[in-house]
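To start, the structure itself, in structure tokens.
The values are calculated or read from the model by the stated rules, or taken from the named source; none is laboratory data. Please read these numbers as outputs of a predicted model, since none were measured by experiment. Glycine gets a Cβ as well: all are built from the backbone with ideal geometry, and neighbour counts include every protein chain shown. These area figures cover heavy atoms from the full protein model, side chains too; ligands, DNA and RNA do not enter into them. Shrake-Rupley method; radii C 1.70, N 1.55, O 1.52, S 1.80 Å.
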Amino acid sequence: MTSATPTLLSPVAPAEAPRSALSELSQETLALTKRLFLQLARRPSTLVAGVLQPLIWLVLFGALFSNAPEGLLPDGMSYGRFLGAGVIVFTAFSAALNAGLPLMFDREFGFLNRLLVAPLRARSSIVLASVLYITSLSLVQSLAIMGTAAVLGYGWPGGAGLLLVLVTLLLLVFAVTALSLGLAFALPGHIELIAVIFVANLPLLFASTALAPLSFMPAWLGWLAALNPLTFAIEPIRAAYAGQFSLAAVVLEAPYGSLSSASCLAVLAVLAAGLFLLIRPLLDRKLS
Amino acid sequence: MPEAVIELKQVSKRYGRGDRAVTALQELNLSVPKGSLYGLLGPNGAGKTTCLRILATLLAPDSGSVRVAGLDALADPRGVRERLGYVAQEVALDKILSGRELLQLQGSLYHLPNGERDRRIAELSGLLGMEAWIDRRSGTYSGGMRRRLDLAAGLLHRPAVLVLDEPTVGLDIESRAAIWQVLHQLRDSGTTVLLSSHYLEEVDALADRLAILDGGRVIAEGSPTELKTALGGDRVTLRVREFSDEPEALRVQALLQGCAGVRQVVVNRSQGYSLNLVVEHDGVIEQLRRQLAEAQLPVFALAQSRPSLDDVYLQATGRTLMDAELAVAGSRDPKAERKQAMR
């Protein structure tokens with residue numbers, strides 16, 4: 001037990017005057033987000049698959065119904081144009097549904113413990129990093145699909161429309177990310193999480209107005225679709241693509257009443273906030 | 001004795017509930033002096049990992065108090081995390097990141113400014129011989145490389161206390177020696193090092209002081225020399241045949257227990273029913289040979305040695321460390337243990 005001569009192994013007490021909480025919080029959150037992006041850059045398959053799958057939907061489904069009788073869709077819209085909004089939302093939705101996977105792997109492989117041993121200013125930075133990552137990823141994927149749809153002649157929302165599209169997607173992504181992160185902590189392992197993602201994905205797509213309008217559906221399915229969060233995202237985006245930017249204009253004639261873009265966005269915002277509040281106790285418990 | 005930098009008082013921890021509950025720690029008391037290299041020795045399942053996970057603030061005890069570097073770990077876990085480096089038994093690396101990227105992430109999680117962080121990474125990578133491979137993805141690392149990287153990660157923020165869970169298990173001799181050397185240097189530079197091990201020789205050679213854990217309690221504590229000297233007498237391992245059986249071993253045990261100057265005769269099941277005993281002085285051995293000959297018992301092998309840490313364990317628990325390991329080997333549930341470690 002010799003007394004300390006300063007070497008590169010000597011301990012150093014933590015700084016007496018630590019930096020501000022905000023600067024530490026942003027340092028740890030950015031570092032955690034950077035890790036997720038490094039993973040993505042070196043394993044780009046999720047990025048590619050996330051764009052490829054909706055693209056296939058867009059091309060194949062668009063072609064499948066390209067000869068649908070005129071007047072079948074509201075305002076004489078072509079099916080490709082109709083489908084565009086659905087596929088954009090589906091892209092963002094699928095990407096956000098996977099938000100919990102990296103976290104689940106960190107839980108399973110013990111990497112999360114490495115993070116929890118560190119003196120994080122707030123452990124919510126782990127969650128925040130996932131939200132930042134998945135939000136940017138899903139927006140990039142959605143923009144890629146929007147660009148492709150534009151090239152295919154399915155239109156492009158101008159200025160205000162684009163803003164409406166992005167805000168809508170953002171709200172949906174927040175809500176679905178909250179759900180997925182909650183599942184990543186509630187379920188025992190990645191097999192179960194993937195199973196839930198797999199089971200939830202397509203039925204939610206079919207039971208929405210992504211592929212067909214409410215007027216096509218039997219009453220029971222119409223009810224489901226009119227309650228499905230995807231529908232609340234699809235309809236304002238579809239309106240934006242049709243050049244309808246007024247938040248007050250009715251975009252959805254649901255069996256229970258008419259909904260404007262503003263009400264759709266409000267529903268999504270309440271859903272996102274509600275889900276984050278709902279999973280908070282779970283996150284607090286698992287990260288405490 | 002210098003002030004204690006780690007202090008556990010009456011710490012208890014159970015896993016699970018009801019009938020399936022497992023007690024990991026039972027009112028454990030531990031006091032690690034500042035600047036020492038301290039060993040926690042015990043068989044698998046003795047509670048070493050639980051104890052270290054509590055110190056690393058990954059687990060909260062059911063009861064008791066935990067102080068690390070002058071702070072209450074239960075009231076100020078973040079303060080403890082700033083002052084403690086933790087090297088877990090199962091090295092969790094992100095295999096797609098390089099060693100440097102992992103250390104950079106770690107540095108940011110400990111809020112080091114970027115310049116200091118990069119300087120520190122360069123220093124540690126030199127010290128631990130990581131320069132040649134630190135920029136390779138960690139998925140390609142060998143066990144020894146992973147352990148060295150993990151050690152660097154634990155040291156990045158210059159902690160006052162370094163806690164290592166079985167740091168050399170499964171390592172090649174070279175990596176093991178490299179880690180030992182760094183641990184000695186750390187101790188000499190003023191860092192308090194606490195490590196767990198179930199390798200007797202390792203703790204004997206490495207530690208200034210140690211605590212032997214069994215069944216979630218400390219059953220012996222002191223410096224290796226103190227503990228061994230306190231036992232007194234010489235250790236004798238006797239085999240009447242190369243492979244004996246239980247009835248014969250018990251017969252010999254009964255015979256030896258009657259000899260003057262002989263104590264603590266234990267049948268060692270994991271060593272072919274050999275017998276471990278303590279003799280007061282050399283003359284006892286001759287007496288012992290005569291008595292065995294009179295009872296028509298052969299002597300296949302008889303080895304005499306100074307007490308080891310295993311004898312300390314044997315004295316306290318009535319079984320050897322190896323026997324204790326074998327006893328729990330079949331009853332542990334790795335899946336359940338992984339679940340316990342998972343958030």
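Which one of B:Arg263, B:Arg269 is at pLDDT below 90, under 27 Å from B:Asp214 (Cα atoms), in contact with a helix residue (DSSP H, G or I) (Cβ under 8 Å, 6 or more places away or on another chain) and charged (D, E, K, R)?
B:Arg269
Sort out which residues of region B:180-203 are away from every other protein chain (no Cβ under 13 Å) and not in a strand (DSSP E or B), and write them in order of number.
Hits for region B:180-203 are B:Trp180, B:His198, B:Tyr199, B:Leu200, B:Glu201, B:Glu202, B:Val203.
Checking B:Arg269 against (1) under 23 Å from B:Asp323 (Cα atoms); (2) open to solvent by 70 Å² or more (accessible area, probe 1.4 Å); (3) without any contact (Cβ under 8 Å) to a residue 40 or more places away in the chain, which test does it fail?
Looking at each condition in turn, B:Arg269 falls short on (3).
In region B:182-193, is there at least one residue being among the polar types (S, T, N, Q), free of Cβ contacts under 8 Å to residues at least 40 places away in the same chain and within 29 Å of A:Arg35 (Cβ to Cβ)?
no
Where residues in region B:12-70 are under 19 Å from B:Pro224 (Cβ atoms) and hydrophobic (A, V, I, L, M, F, W, C), which of them is nearest to the other protein chains (Cβ to nearest Cβ)?
Filtering region B:12-70 for residues that are under 19 Å from B:Pro224 (Cβ atoms) and hydrophobic (A, V, I, L, M, F, W, C), the one nearest to the other protein chains (Cβ to nearest Cβ) comes out as B:Leu37.
Only helices (runs of 4 or more DSSP H) wholly contained in region A:29-144 count here; list those with 1 or more residues that are within 28 Å of B:Glu337 (Cα to Cα).
Helices (runs of 4 or more DSSP H) meeting the threshold: A:100-109, A:111-117.
Just a yes or no: is a residue in region B:252-260 outside any helix (DSSP H, G or I), outside the structural domain of B:Val22 (by TED's automatic domain parsing), farther than 18 Å from B:Leu194 by Cα and open to solvent by 20 Å² or more (accessible area, probe 1.4 Å)?
So far as region B:252-260 goes, yes, one or more of its residues are outside any helix (DSSP H, G or I), outside the structural domain of B:Val22 (by TED's automatic domain parsing), farther than 18 Å from B:Leu194 by Cα and open to solvent by 20 Å² or more (accessible area, probe 1.4 Å).
Residues B:Gln291, B:Gln315, B:Gln264, B:Gln271: which one is out of contact with any strand residue (DSSP E or B) (no Cβ under 9 Å at 6 or more places or on another chain), polar (S, T, N, Q) and not assigned by TED's automatic domain parsing to the domain that holds B:Val218?
Only one candidate qualifies: B:Gln291.
I need the full set of residues from region A:159-196 which are without any contact (Cβ under 8 Å) to a residue 12 or more places away in the chain and either among the aliphatic types (A, V, I, L, M) or within 21 Å of A:Ala239 (Cβ to Cβ) (or both), in order please.
A:Gly159, A:Leu163, A:Ile191, A:Ala195
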